[in-house]
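The values are calculated or read from the model by the stated rules, or taken from the named source; none is laboratory data. Here the structure is a predicted model, which means the values were calculated and not measured. All Cβ positions, even for glycine, are placed from backbone atoms using ideal geometry, and neighbour counts span all protein chains on display.
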Amino acid sequence: MQQDALKTYLTELIPSTSGFSAELEQDALRRYIPVMDREALHALITLLQMNGTSRILEIGTAVGYSAIRLLEELPDLEVISIERDSERAAEAEMNVKKAGVAERFRLIKGDALETAAKAAEYGPFDALFIDAAKGSYEAFFRTYEPMVKPGGLIAADNVLFRGYVPGTEEPESHRFINMSDRLRAFNASLMASEQFQTMILPVGDGLLAACKRN
């Protein structure tokens, strides 16, 4: 109960969204399309502002909600995003146009593990944001970390995955057990790496943030 009250308090302190992005968030939730938790998104925006990020590579566009929020809050930011689902990619392109941020958004359609060469054409990047297939975080990281500038930020959402990763909740299926094991190994490798200064923030579903050492 205390944790629930704390989360409610902290979430209520975050300025609420309005206009199209607020409508998009509610529409996605109604359709059970995962969108980034408001608390975690606020933390990511703050970290990107502190890092002076001007170009970010996003793995996992979905309907474009996170990209739109980043572009709204960071007027000098350019987002290059990768999405493998063709229907969601088309919806994302439509949504960024409706939001009025399309001129700073570039979409790469395809599997992120097969489109590295295309993404590299837009690099190097000030930041990398991973929010796609949870079991592939390590592979996404190995593929795209070299494209991030020294001193850049690497962030990954859902790294505590419903409480399964720290063991506060019991996985519902073998698939979730496997996914949780992979996320646990990913978290541990980043926390132990001397190449990155890493922290895991207990916001939303868990946000990992790693600064690439110079």
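Within the range 178-214, which residues are of a type in the set (A, V, I, L, M) and either free of Cβ contacts under 8 Å to residues at least 12 places away in the same chain or touching a Cys at 6+ places or on another chain (Cβ under 9 Å) (or both)?
Those that are of a type in the set (A, V, I, L, M) and either free of Cβ contacts under 8 Å to residues at least 12 places away in the same chain or touching a Cys at 6+ places or on another chain (Cβ under 9 Å) (or both): Ala188, Met191, Ala192, Met199.
Any residue that is β-branched (Val, Ile, Thr), outside any loop (DSSP other than H, G, I, E, B) and in contact with a strand residue (DSSP E or B) (Cβ under 6 Å, 6 or more places away or on another chain) - is there at least one of those in the range 51-58?
Looking through the range 51-58, at least one residue is β-branched (Val, Ile, Thr), outside any loop (DSSP other than H, G, I, E, B) and in contact with a strand residue (DSSP E or B) (Cβ under 6 Å, 6 or more places away or on another chain).
Is there a residue in the range 163-170 that is at pLDDT 95 or above, under 24 Å from Ile45 (Cα atoms), out of contact with any Ser or Thr (no Cβ under 8 Å at 6 or more places or on another chain) and not in a loop (DSSP other than H, G, I, E, B)?
No, because not a single residue in the range 163-170 is at pLDDT 95 or above, under 24 Å from Ile45 (Cα atoms), out of contact with any Ser or Thr (no Cβ under 8 Å at 6 or more places or on another chain) and not in a loop (DSSP other than H, G, I, E, B).
Restricting the range 69-102 to residues that are among the hydrophobic types (A, V, I, L, M, F, W, C) and without any contact (Cβ under 8 Å) to a residue 12 or more places away in the chain, which is surrounded by the most Cβ atoms within 10 Å (Cβ to Cβ)?
It comes out as Ala102.
For the range 109-117, state whether one or more residues are of a type in the set (Asp, Glu), in contact with a helix residue (DSSP H, G or I) (Cβ under 7 Å, 6 or more places away or on another chain) and within 15 Å of Thr61 (Cα to Cα).
no
Counting just the residues of the range 103-132 that are among the aliphatic types (A, V, I, L, M) and touching a residue at least 40 places away in the same chain (Cβ under 8 Å), which one comes out surrounded by the fewest Cβ atoms within 10 Å (Cβ to Cβ)? Steps first, please.
Looking only at the range 103-132, we keep the residues that are among the aliphatic types (A, V, I, L, M), and these are 107-108, 112-113, 116-117, 119-120, 127-128, 130, 132.
Among the residues that remain, those that are also touching a residue at least 40 places away in the same chain (Cβ under 8 Å) are: 107, 112, 119, 127-128, 130, 132.
Details: Leu107: 19, Ala112: 24, Ala119: 22, Ala127: 27, Leu128: 25, Ile130: 26, Ala132: 23.
So the residue we want is Leu107.
Take the residues of the range 59-106 that are assigned to a helix (DSSP H, G or I) and among the basic types (Lys, Arg): which is farthest from Ala22 (Cα to Cα)?
Top of the filtered list is Arg104.
Which condition from (1) at pLDDT 95 or above; (2) over 22 Å from Thr53 (Cα atoms); (3) part of a helix (DSSP H, G or I) is the one that Lys118 breaks?
(2)
Arg31 is checked against (1) basic (Lys, Arg); (2) over 19 Å from Leu208 (Cβ atoms); (3) in contact (Cβ under 8 Å) with a residue 24 or more places away in the chain and fails just one. What number does that condition carry?
Status for Arg31: all satisfied but (3).
Check whether at least one residue in the range 15-28 is touching a Phe, Trp or Tyr at 6+ places or on another chain (Cβ under 9 Å), within 19 Å of Lys134 (Cα to Cα), surrounded by 14 or more Cβ atoms within 10 Å (Cβ to Cβ) and hydrophobic (A, V, I, L, M, F, W, C), and report yes or no.
Scanning the range 15-28, I find no residue that is touching a Phe, Trp or Tyr at 6+ places or on another chain (Cβ under 9 Å), within 19 Å of Lys134 (Cα to Cα), surrounded by 14 or more Cβ atoms within 10 Å (Cβ to Cβ) and hydrophobic (A, V, I, L, M, F, W, C), so the answer is no.
Of the numbered conditions (1) surrounded by fewer than 21 Cβ atoms within 10 Å (Cβ to Cβ); (2) in contact with a Phe, Trp or Tyr (Cβ under 8 Å, 6 or more places away or on another chain), Glu58 satisfies every one except a single condition; which is it?
(1)
Quick one: which residue in Lys149, Lys134 is modelled with pLDDT under 95 and of a type in the set (Lys, Arg)?
Lys134
Only one of these is touching a helix residue (DSSP H, G or I) at 6+ places or on another chain (Cβ under 8 Å) and assigned to a helix (DSSP H, G or I): Leu6, Leu29, Leu44. Name it.
Among Leu6, Leu29, Leu44, only Leu44 is touching a helix residue (DSSP H, G or I) at 6+ places or on another chain (Cβ under 8 Å) and assigned to a helix (DSSP H, G or I).
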